[in-house]
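I have placed the structure first, in the form of structure tokens, so that the comments after it can refer back to it.
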Amino acid sequence: VRRWLGGQLTETELAAALLLPCVLFLAVFALWPILNAFWTSVHRLRLDQPALGMPFVGAHQYVRALADPDARHALRVSLIYVLTTVSAQFIFGLGIALVIHRMNRGRDAVRTIALLPWTMAPVLVGQMWRWLFSDQAGVINDLLHRVGLVGQQVIWLGSPALAFLAVIVAATWSAGSYMALILLAGLQGIPDEMYEAAALDGAGSVQAFFAVTLPMLRGAIMVALVLRTLAALQALDLPFSLTGGGPGNATETFALFIYKNTFQFLDFGYGAALSVVLLVIALACAGAYARVLAPRD
Amino acid sequence: MATRFLAAAALLAMASSTLVASGQSAATITWSTLATGGPQVSDVYRALAQQFERQHPSIKVNLQIQPGTSGEQYNRYVTLFAARDASVDVISIDVIWPAPMVAAGWLAPLDQWFSKERRDEFLPGAIKANTIGGSIYGVPWYTDAGLLYYRKDLLEKHNAKVPGTWDEMIATAQRIVQAENNPQLGGFLFQGARIEALANFFFEVLWSNGGDILDPGGRVVLDDGKGLAALNFMLDLIRRHRVTPPGVTTLPTDDTRAAFQDGRFVFLRNWTYAYGLFQGEGSRVAGKVGIAPLPRGSAGSASTLGGWQLAVSNFSRNKEAAYRLVEFLTGAVAEKAMALQLSTVPTRKDTFEDPVVKQRAPHYPDMLRVALNARPRPQIADYPRLSSIVQTNLHAALTNQMAADEAITRMSREIRALLGK
């Protein structure tokens, strides 16, 4: 004890002492909630029906989730949402990043402006696009009508396919610029000598892009894809405010389905089980990305 | 901060006075309520609470006004009561809450104070909504119901009667829209977004044709053919008769109110709150709007009962004093004040007969006719989930994701599964 008070710590002890606050923080705010969710998921807990108590039900909630067609539907919606929005964001983001990267003047200003959509809360993004896509008074219908592309009002949010498209457009607009920023950082880290070497070897710009740019971007791409995939898996706020999961339940993502069961039906046991399922899926996705995209030495 | 300090001080005062004296100490009753309509509404509530305090010097009222929607307020109370919190004595509750809240054991039965004779002073539908298993758990405060709004000016111009049946309404809407030849004018609007009111309109059509979700014994009878007929009727409004635009599936309650207020429709199904706004400043239809009961089907006219009740928390430590406040707020004086100042529809029969109310609010007799017809939604503990099942499948059918018969079959199956648990 005297040695500690005198500040005579070994390197390991110092590391442990410095890490302790962080570990404690994670334990309280990350680990404990996860364990608690798991604990809740093996019980029946209806907040609005306290007479039921909180009996242990084992794997019942998980069996129920597997058998629930609405849960399967929501999962399917989420997977399509992840695939479409993340690829659209990647293409859109890479495009923006390449344009900004080649700019000689005003790069900082453009970069800041391009990042603006990302600074907007997803709930507001959803609300804004809801107005834009409104069939009665929306700007999009008005523009299409003015250029003569549509004869009558398109009911964007009243048709399953169009509503899904609206969600994808809004999500891509919102997070594409964030993707661009990460990819831009990666692009700026590629030394010019690589391109010079490629040019000396007779590579054209397209060849250089596939032989130099993409491989060198591997790390940045992985970070961007992992972050966006995990965020898209949890997508709640944007579809919530844009479509509310509708029409019917055509755009009801898994996270919205969890929200509905937990906070609208107050079925905490089932909601917790669904959250654990989502956690497992998210971990599997992250693991798969790490395996596929990790730099190979 | 100040309120918390005051509340703490009040608690201290209560505790010390209970220690010192007995019986005559001042009790503090906390009344928690949602205030839809902003400061104008909360000012009226505050004035009523002060009036009550003057009449009952031994009782102090601590008024807590919450913003938001009915659903948010419900979840607030659920978290409060799930923790067996005793800080609230009187709460205002939506008409669909008594069943789940009573099942949870959160509301105090009021039978010992709210006698059968006194119950007769109120509209029967509103009393029924508060009666569960033979006991009464809430006193109707103000009521609401689905109504048919119509454009008086257009009906007069085209020499049309106020439609009594759904068929008449469709024919009248078609005739007026065609004659007006105005691309901005539509026939009829209901709340077609996936919200509670969509389920309510479906119930209204279903009931008006003699159908129901559950029979009196609680069995699901939705798939006896009448459910399908009701859904087909809704689809026909859009596809066959073309009196309702397909975009209706994106319109929640207040958007339909705004569209009608903008002069874009001949008929509208909505709640009573819209009337005041239609007649208010800046409305394009001020003075041109009439109200009527929803049109009749083969079994008459039916509308969904809405409205708010006052109830006493089962965790309250002062239930009798709490009931006195409820009694005052649902008494003739308070209901008249609210009717005159807030245009709320009273639940007391005598308020409708009041000469001042009659003079200042000539539309109330029409509203009373509707309110008398109003029926409560299925009274089951898990109503929110039942409603969600109905909304989702209706919306899927209205947006062409599934056929009408499939939607009804799924709805019935899911409700059976829900009740079977």
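Numerical summary
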{"item": "Of the criteria (1) in contact with a Phe, Trp or Tyr (Cβ under 9 Å, 6 or more places away or on another chain); (2) among the charged types (D, E, K, R); (3) surrounded by fewer than 17 Cβ atoms within 10 Å (Cβ to Cβ), which one residue B:43 fails", "result": "(1)"}
{"item": "Residue count, the range B:132-169 (criterion: in contact (Cβ under 8 Å) with a residue 24 or more places away in the chain and within 17 Å of residue B:311 (Cα to Cα))", "result": "11"}
{"item": "Answer from A:60, A:101 - the residue that is free of Cβ contacts under 8 Å to residues at least 60 places away in the same chain and either in contact with a Cys (Cβ under 6 Å, 6 or more places away or on another chain) or surrounded by 17 or more Cβ atoms within 10 Å (Cβ to Cβ) (or both)", "result": "A:60"}
{"item": "Residues satisfying the stated conditions in the range B:387-407, i.e. under 25 Å from the mean Cα position of the chain (by Cα) and touching a residue at least 12 places away in the same chain (Cβ under 8 Å)", "result": "B:387, B:389, B:390, B:391, B:392, B:393, B:394, B:395, B:398"}
{"item": "Looking only at the range B:388-410, and only at residues there that are assigned to a helix (DSSP H, G or I), surrounded by 20 or more Cβ atoms within 10 Å (Cβ to Cβ) and of a type in the set (Ser, Thr, Tyr), the one that is farthest from the other protein chains (Cβ to nearest Cβ)", "result": "B:388"}
{"item": "Qualifying residues in the range B:317-357 (those that are assigned to a loop (DSSP other than H, G, I, E, B) and surrounded by fewer than 22 Cβ atoms within 10 Å (Cβ to Cβ)) - the one modelled with the lowest pLDDT", "result": "B:343"}
{"item": "Leading residue by the ranking (farthest from the chain's Cα centre (by Cα)) among those in the range B:360-386 that are of a type outside the set (Lys, Arg), part of a helix (DSSP H, G or I) and farther than 19 Å from residue B:290 by Cβ", "result": "B:386"}
{"item": "All positions within the range A:181-193 that are farther than 19 Å from residue A:121 by Cβ and in contact with a helix residue (DSSP H, G or I) (Cβ under 8 Å, 6 or more places away or on another chain)", "result": "A:182, A:183, A:184, A:185, A:186, A:187, A:188, A:189, A:190"}
{"item": "Index of the failed condition, residue A:128 passing every other in (1) within 14 Å of another protein chain (Cβ to nearest Cβ); (2) within 23 Å of residue A:81 (Cβ to Cβ)", "result": "(1)"}
{"item": "Some residue of the range A:209-228 being more than 14 Å from chain B (Cβ to nearest Cβ), at pLDDT 90 or above and more than 30 Å from residue A:104 (Cβ to Cβ)", "result": "no"}
{"item": "Where residue B:360 falls short, out of the listed (1) crowded, with 23+ Cβ neighbours inside 10 Å; (2) farther than 27 Å from residue B:74 by Cα; (3) modelled with pLDDT under 85", "result": "(1)"}
{"item": "Members of the range A:138-151 that are surrounded by fewer than 12 Cβ atoms within 10 Å (Cβ to Cβ) and in a loop (DSSP other than H, G, I, E, B)", "result": "A:147, A:148, A:149, A:151"}
{"item": "Filter result for residue B:172 (buried (at least 20 other Cβ atoms within 10 Å of the Cβ) and over 28 Å from residue B:74 (Cα atoms))", "result": "yes"}
{"item": "Whichever residue in the range B:246-262 is in contact (Cβ under 8 Å) with a residue 24 or more places away in the chain and away from every other protein chain (no Cβ under 13 Å) and, among such residues, is nearest to residue B:152 (Cα to Cα)", "result": "B:261"}
{"item": "Residue count for the range A:206-231, restricted to those that are outside any helix (DSSP H, G or I) and either β-branched (Val, Ile, Thr) or surrounded by fewer than 17 Cβ atoms within 10 Å (Cβ to Cβ) (or both)", "result": "0"}
{"item": "When residues of the range B:49-83 are limited to those that are surrounded by 12 or more Cβ atoms within 10 Å (Cβ to Cβ) and of a type in the set (Lys, Arg), the one farthest from residue A:49 (Cα to Cα)", "result": "B:60"}
{"item": "Criterion: of a type outside the set (Gly, Ala, Ser) and within 17 Å of the chain's Cα centre (by Cα) - qualifying residue of B:114, B:122", "result": "B:122"}
{"item": "Selection count where residues are more than 9 Å from chain B (Cβ to nearest Cβ), modelled with pLDDT of 90 or more and within 25 Å of residue B:235 (Cα to Cα), scope the range A:142-167", "result": "5"}
{"item": "Residues of the range B:203-220 classified as surrounded by fewer than 18 Cβ atoms within 10 Å (Cβ to Cβ) and either without any contact (Cβ under 8 Å) to a residue 40 or more places away in the chain or of a type in the set (D, E, K, R) (or both), total", "result": "4"}
{"item": "When residues of the range A:132-172 are limited to those that are in contact (Cβ under 8 Å) with a residue 24 or more places away in the chain and among the hydroxyl-bearing types (Ser, Thr, Tyr), the one nearest to residue A:91 (Cα to Cα)", "result": "A:172"}
{"item": "Qualifying residues in the range A:253-274 (those that are among the aromatic types (Phe, Trp, Tyr) and at the interface with another protein chain (Cβ under 9 Å from one of its Cβ atoms)) - the one nearest to residue B:73 (Cα to Cα)", "result": "A:263"}
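So that you can scan it fast, the table gives a plain yes or no per residue for (1) in a helix (DSSP H, G or I); (2) in contact with a Leu (Cβ under 6 Å, 6 or more places away or on another chain):
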{"residue": "B:169", "(1), (2)": "yes, no"}
{"residue": "B:175", "(1), (2)": "yes, no"}
{"residue": "B:178", "(1), (2)": "yes, no"}
{"residue": "B:193", "(1), (2)": "no, yes"}
{"residue": "B:212", "(1), (2)": "no, no"}
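This table checks each residue for (1) among the acidic types (Asp, Glu); (2) on the phi > 0 side of the Ramachandran plot; (3) more than 19 Å from the chain's Cα centre (by Cα).
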| site | (1), (2), (3) |
| --- | --- |
| B:202 | no, no, no |
| B:208 | no, no, no |
| B:215 | yes, no, yes |
| B:245 | no, no, yes |
| B:265 | no, no, yes |
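This table checks each residue for (1) at pLDDT 90 or above; (2) over 27 Å from residue B:387 (Cβ atoms); (3) within 14 Å of chain A (Cβ to nearest Cβ).
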| residue | (1), (2), (3) |
| --- | --- |
| B:83 | no, no, yes |
| B:88 | yes, no, no |
| B:93 | yes, no, yes |
| B:111 | yes, yes, no |
| B:116 | yes, yes, no |
| B:123 | no, no, no |
| B:131 | yes, no, no |
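The values are calculated or read from the model by the stated rules, or taken from the named source; none is laboratory data. In this text, all values refer to a predicted model and were calculated from it rather than measured experimentally. Ideal geometry is used to build each Cβ from the backbone, glycine not excepted, and the neighbour counts take in all protein chains shown.
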